[in-house]
Structure formats: C-alpha cells, structure tokens
1. If you check S348 against the conditions, is it of a type in the set (S, T, Y) and either farther than 14 Å from L399 by Cβ or within 16 Å of the ligand (Cβ to nearest atom) (or both)?
2. Among the residues of region 46-84, how many are of a type in the set (A, V, I, L, M, F, W, C), closer than 13 Å to S326 by Cα and within 16 Å of the ligand (Cβ to nearest atom)?
3. Within 16 Å of the ligand (Cβ to nearest atom) and in contact with a strand residue (DSSP E or B) (Cβ under 9 Å, 6 or more places away or on another chain): is that true of A362 in this structure?
4. Determine whether L275 is in contact with a Pro (Cβ under 8 Å, 6 or more places away or on another chain) and away from the ligand (no atom under 16 Å from the Cβ).
5. Looking at (1) crowded, with 21+ Cβ neighbours inside 10 Å; (2) under 18 Å from G403 (Cβ atoms), which is the one condition that is false for A325?
6. Could you check region 68-181 for helices (runs of 4 or more DSSP H) lying wholly inside it with 2 or more residues that are touching a Phe, Trp or Tyr at 6+ places or on another chain (Cβ under 9 Å)?
7. Of everything in region 4-20, what is polar (S, T, N, Q) and in a strand (DSSP E or B)? Give them in sequence order.
8. Anything in region 23-82 that is hydroxyl-bearing (S, T, Y) and assigned by TED's automatic domain parsing to the domain that holds K99? List them, or say none.
Amino acid sequence: MALIHTAKYLLAASGSPLEGGALLEDQGRIVEVGSLKQLQKSAPLVEIVDYGAAVLLPAFINAHTHLELSHYPAWASAAGVGSAPCSFVDWILRLIQVKRSIQHEAMHAAIKSGIRMSLEAGSAAVGDILSWYDGRSAFAETPLTGRIFLESLGQDVGVTQQQFKRLSKVLKEQGSGRFEFGLSPHSPYTIRPQYLRQLFEHAQQQQLGCTIHIAESPAELAFLDNGDGELIERLYSAVNWYQHRPEPRHLRPIEYLAEHGGLFKDQLLVHGVQLVDSEIDAIAAAGAQLVLCPRSNAQLRVGTAPVAKFKKAGVKLALGTDSLASNRSLSLWDELAFAAEVYSDSFSAQELLGLATTGGAAALGLQTQLGNLQPGLKASFQVIPLTEQLKPHKLIETLIHTGEGRQPQALILDGQLVKSD
Ligand SMILES: [Zn+2]
C-alpha cells in the first residue's frame, strides 16, 4: 500500500531543507519527493502519515564497524584489561588479550547488540568487518543491510592457506540476510604480503567489495619504512611472528598497497590518518574511497586525518564509528557531532551529512538504494523530532552539532517501520 510521509521539514542529502516536504512511497521505494500539496495532487487517494514537528532525512550508512566487538567493554572488564588511554600498539595487545578471554560464540550476541544499537541510532546499513565467520548467521534476520567484509590476517603459510579455503567456502553463500559478503585483509602489518596480493586479486576477479585498515598509526609507518618499531618489538613478539618481521622497505602505506595490487577503484580504505600529499593524489586517481573514523582515531591517539587535503584532491569519503573497542558508541549522530568539532575547518554541516549518507552509500556500493531521498531509491529514512523552532538555514548545522545521543523517533527501512518511540 502506498503512503505519503510528511513532516515540518524534509531534508535530502543533496539539498536544502524543504519546508512542508513529503515523500510518496510505494512497495518500499520512493516514487516522488516534493511538497505535501504537490504529492496530494499526484496521489489524491493515498493515506498521509504526518510526523509533525520533525525532520525526515535519509537513514545513515556507517561505513566501518566491527559489530562482533559490541560487547568489548564488558569483556575487557571481566578479563581485567584496562580501559585507560594507551598507545596504539598497547591497544592492539589489549584487544588480542580480550578476544582470547572469550568464547567465539559470545560474538553472536555481540553482533545482535551491535545491530540493535545501529538501528537505534538511525543507520540503515553498515560496512562490517567479521573475523569470526560463523557470526554471519547473526545478520540473517535483520532489516539492517550493507556489506560483511570477511577478515583475513596471518603470517604463516599454512594458517593463511587454511583461512583462504574457509573464506572461499563462505563466499559461495554470497551473503547473509540483506548483507553481501566482501573481503577485508586486515592491515599491511598483520598479513603475509603474498596472501595480501592473493586477496586483492580475488576481490577484483570476483567483483567483491574490499576494505583494509591503512595509514592508521605512526607505528605502521615505521613498520613499512624500516621494518622496525613498536609493532615488531611488541606485537610480533607477543603473537610469535618475530621470524616474519620484514626487511626495511622504505615504503609509504599507499605505495605498499599499490605494490601488492591493492589500490583500485572503490577499494575501501579505512582511517588514512598518516597519509601525505602524494598518497592522497594516488588514492583520488585510482578512484579508491576512504572511511574517516575520527572518534576512534582520537581514542587511540593516532592523530587527525588530513581531511582538507582529501577534500581538495577529490577523494570520495565516508564516515564510520569503528568498533566499541575504540569508540563509545556505534552512532553516526555521535560521530557527526565529533567530526563537526575536529573537522570544523574543512567541512560544512551539509558536507558532513553527505559523509554519513551519500558518501556511505557509495562506499558500500549502495548508491542506487540508499543515502538520499529521491525517486527510485529505497524508502529508508529517519524521523528526527524538532525540540525547538529552527530557521531552515540553521537546520542542518544545528542537527549535526547537537547530534550527540540523538535517536530518531522512527526509522523506516524499505517502507517498513523498524522502530518507533
Ligand atoms: Zn576497524
């Protein structure tokens, strides 16, 4: 049954707020967007849902998460692992310790919680990294969509060959629930170079989405440059990889990636905090995309991504929360409020909104389905109550800056009400 949804404002990702705006939805798709009057003319018999003093805007796309870690804070405290600020490598060591302290099966409930938190925060889709492949069944019945990037890492030939076999078998299923599968070689410092190359080739041959953590920390730079530093001295010792430590390569992260066949169109790079001009130009030229995770970067104290340079070079950008091992929530409203502070010199509120909507949709290959309110796309939107009178020109800025803790009063995905307070 078709419906007209209307509220005080309708806010598409790519325009200014439309006062008295409305959208006509039929069978889960947006048929028309315009003023309520206009839509009543084109569909006079269709029932109207009026949300009153509220804003309709596209549901968000969180382009980088690890939902299997959504119970990390409780696991860490049960394992006696500290949560005080620490270095990047200390944080990885803590994460390994916590993951070793739990039963893998515990990640099933964590994924379910992560899905619930994502929906509560107004997200329609996530780009999720999954290291425990059995966890894919937790995605089977949710209205949330996106990509599950099956994670790979390891240095030992035998281990990685086994992993690739298992990976290939799971990939035959193509997806779980509304999610498609993709690949995620973890990072340049956690994966055997030959295996890294093999995974990138596989992703391209099979036309699978692919994502990798890159240029996140200064420790990664030292690793790729001189083959030394904290990652070797501490991580490689701790996980018995010391015999796999590399020779000095004198490469920057993007040079290393390109050398292993990992710089290609729509490759989804995550973090990019340490990137320099030549690398940024190479990313833009290749048509790769980049997910910014500003709160995770701040929590791990690795620096702030050079977003003004990304923007100038025309790099396609999205926004992600990363996991609850390095962030306090899975909400893009929270992430946007923080991004508005740390990237205030580079992005307008409208551009920030674009990261969480059209940018995220492009990052996950969902641009023909999500990320905007326009005919042909899915009727997937959130309803945000307005608590004060706002002039249209202040609306986006106010929504972004005061977004911390915000939850939509309703989330409609594919025309279906998912949650309503
Ligand atoms: Zn991550």
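1. no
2. Result for region 46-84: 2.
3. no
4. Details: in contact with a Pro (Cβ under 8 Å, 6 or more places away or on another chain): yes; away from the ligand (no atom under 16 Å from the Cβ): yes.
Spelling it out, L275 is indeed in contact with a Pro (Cβ under 8 Å, 6 or more places away or on another chain) and away from the ligand (no atom under 16 Å from the Cβ).
5. Failed condition: (2).
6. So the answer is 88-101, 106-120, 157-171.
7. Selection gives T6 alone.
8. Taking region 23-82 as the starting set, the residues that turn out to be hydroxyl-bearing (S, T, Y) are 35, 42, 51, 65, 70, 72, 77.
Across region 23-82, the qualifying residues are T65, S70, Y72, S77.
The values are calculated or read from the model by the stated rules, or taken from the named source; none is laboratory data. Being a predicted model, the structure only gives us computed values, none of them experimental. Quick reminder, even Gly has a Cβ in these numbers, built from the backbone with ideal geometry, and neighbours come from all protein chains shown.
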